[in-house]
Amino acid sequence: MPRYIGLLRGVNVGGHAKLPMTKLRELIESLGHTEVQTLIQSGNVVFSSPRKVTSGSIESALERELGLTVPVVLRTPAELQRILAENPFPGADPASLHVGFMSRKPPAAAIRELDTARFAPEEVAVRGLELYFHLPNGMGHAKLPPYIDRRLGMPTTVRNWRTVTKLLEIARH
């Protein structure tokens, strides 16, 4: 049965969009999905489904059942495996790596117009639907991710490398 990884944007961050993970699991199960597991409190859910799943179906259920309007990005285990394998910063400390998952591909012109050099030593690489961030001083004080978010205007949710790796591990079992 196909497995999916659901990534909710902005859940339980800074006191906004509070969503207990038990409620998220119950909601996903109520949609007919099985083998539901969550990871940490920031809106990560792994599940199986006998049918094709869309972000919209989960977003609608979140709004209808819990009153939450949050973007949801879906990936498969194969996509997470590819994302990890294509790391454009292979020499970087994994603790400084983050992946931004976009819901759709940004226009090529918007990518070309990015002025990221001024954020050094922070770096970003855009690969399809993913943004790879190398943030040597951590995410907490990073200036590059908010700049990218504003400039590209794509619904994006960011996870650290360790979380992406753990989500893949959960999805494979």
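Every listed requirement among (1) farther than 22 Å from Lys166 by Cα; (2) at pLDDT below 95; (3) in the same structural domain as Lys18 (by TED's automatic domain parsing) is met by Arg104 save one, (3). With respect to Leu68, determine if the residue is over 11 Å from Ile5 (Cα atoms), hydrophobic (A, V, I, L, M, F, W, C) and assigned to a helix (DSSP H, G or I). No; evaluated as a whole, the condition is false for this residue.
Among the residues of region 43-58, those that are part of a strand (DSSP E or B) and either among the hydrophobic types (A, V, I, L, M, F, W, C) or in contact with a Leu (Cβ under 9 Å, 6 or more places away or on another chain) (or both) comprise Asn44, Val45, Val46, Phe47. Filtered by the rule that a residue be outside any helix (DSSP H, G or I) and either of a type in the set (S, T, N, Q) or in contact with a Ser or Thr (Cβ under 7 Å, 6 or more places away or on another chain) (or both), region 139-159 gives Met154, Pro155, Thr156, Thr157. Out of the residues in region 1-57 meeting the condition of being closer than 19 Å to Phe101 by Cα and of a type in the set (S, T, N, Q), tell me which one is surrounded by the most Cβ atoms within 10 Å (Cβ to Cβ). By that ranking, first place goes to Asn44. Checking Arg162, Arg118, Arg104 one by one, the residue that is farther than 22 Å from Leu74 by Cα and not in a strand (DSSP E or B) is Arg118 and no other.
Mind telling me which of the residues Arg159, Arg172 ends up being touching a residue at least 60 places away in the same chain (Cβ under 8 Å) and in contact with a helix residue (DSSP H, G or I) (Cβ under 7 Å, 6 or more places away or on another chain)? Step by step, each of Arg159, Arg172 is checked, and only Arg172 is touching a residue at least 60 places away in the same chain (Cβ under 8 Å) and in contact with a helix residue (DSSP H, G or I) (Cβ under 7 Å, 6 or more places away or on another chain).
The values are calculated or read from the model by the stated rules, or taken from the named source; none is laboratory data. The structure displayed is predicted, hence computed values, not measured ones. Cβ sites come from the backbone with ideal geometry, for glycine too, and all protein chains shown count toward neighbours.
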